[in-house]
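Asker: I'd like to ask you about the structure that follows.
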Amino acid sequence: MRAAPPPLPLPPLLSALCLALAAAAGAAGSCRDKKDCKVVFSQEELRKRLTPLQYHVTQEKGTESAFEGEYTHHKAQGIYKCVVCGTPLFKSETKFDSNSGWPSFYDVISPDAITFNDDFSYGMHRIEISCSQCGAHLGHIFDDGPRPTGKRYCTNSASLSFKPADKNNAGEGSGNASPAQTGKAEL
């Protein structure tokens, strides 16, 4: 009597199933469940408003080519925002050159600005970062950043817009000027 062949090992099967499910869940856009997003745009509106690269990165979890993004070597002072909904994400003071090919920041502007999700694509485990307001894919976070956080928010330029610092209020103590003194109307 012949012995039955051993069963297939379970861990590789579970691993493959997890990877397939994770890939399928991420393919349909940035919000896994639109009810979780505070700001929702139709895919039609986003295709009209965003460039093809911005749409691919933010809605299809794509990645722009390394060292080719608009903000990779950007040095201006200001605020980096979500290109989809305008939520402030990072201050320029937290940007650093990680030599990774993508804009990198060591901290977020607010703990509530970004959400974190497990990403099992490409056969590895990473932590995806998304805009907490609209669910746009931004990039990934790694534990190899500088002090004080030790974090590297590796972000696609295509997922960002930039608002330069107001030159009239850039220096310390100059933020006390009235609208009449700066020549600006108060909104």
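Asker: Over 23 Å from Asp112 (Cα atoms), surrounded by 14 or more Cβ atoms within 10 Å (Cβ to Cβ), within 12 Å of the chain's Cα centre (by Cα) and of a type outside the set (Lys, Arg), is that true of Thr63?
Answerer: Here the answer is yes, as Thr63 does meet what is asked.
Asker: Say we look at segment 108-119 and pick out the residues that are touching an Asp or Glu at 6+ places or on another chain (Cβ under 9 Å) and among the charged types (D, E, K, R); which of these is most open to solvent (accessible area, probe 1.4 Å)?
Answerer: Once the filter is applied, the top-ranked residue is Asp118.
Asker: Give me a count of the residues in segment 80-106 that are open to solvent by 60 Å² or more (accessible area, probe 1.4 Å) and either farther than 15 Å from Leu160 by Cα or touching an Asp or Glu at 6+ places or on another chain (Cβ under 6 Å) (or both).
Answerer: Looking only at that region, the number is 3.
Asker: Here's something else I'd like to know. Looking at segment 104-118, which of the residues that are touching a residue at least 12 places away in the same chain (Cβ under 8 Å) and part of a loop (DSSP other than H, G, I, E, B) is nearest to Cys134 (Cα to Cα)?
Answerer: Ala113
Asker: Could you tell me whether segment 68-76 includes any residue that is closer than 22 Å to Ser110 by Cα, open to solvent by 40 Å² or more (accessible area, probe 1.4 Å) and in contact with a Pro (Cβ under 8 Å, 6 or more places away or on another chain)?
Answerer: yes
Asker: Determine which single condition Tyr122 fails, assuming it passes every other condition in (1) aromatic (Phe, Trp, Tyr); (2) open to solvent by less than 20 Å² (accessible area, probe 1.4 Å); (3) at pLDDT below 95.
Answerer: (2)
Residue-wise test of (1) part of a loop (DSSP other than H, G, I, E, B); (2) modelled with pLDDT of 95 or more; (3) of a type in the set (Val, Ile, Thr); (4) open to solvent by less than 50 Å² (accessible area, probe 1.4 Å).
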residue	(1), (2), (3), (4)
Ile129	no, yes, yes, yes
Gly135	yes, yes, no, yes
Asp144	yes, yes, no, no
Cys154	no, yes, no, yes
Lys163	no, yes, no, no
Glu172	yes, no, no, no
Gly175	no, no, no, no
Gln181	no, no, no, no
Glu186	yes, no, no, no
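The values are calculated or read from the model by the stated rules, or taken from the named source; none is laboratory data. Quantities reported herein were computed from a predicted structural model and do not represent experimental measurements. For neighbour counting, all protein chains shown are included, and Cβ atoms are generated from backbone atoms with ideal geometry for every residue, glycine included. The protein model used for the area step is the full one, side chains on, heavy atoms only, and it has no ligands, DNA or RNA in it. Shrake-Rupley method; radii C 1.70, N 1.55, O 1.52, S 1.80 Å.
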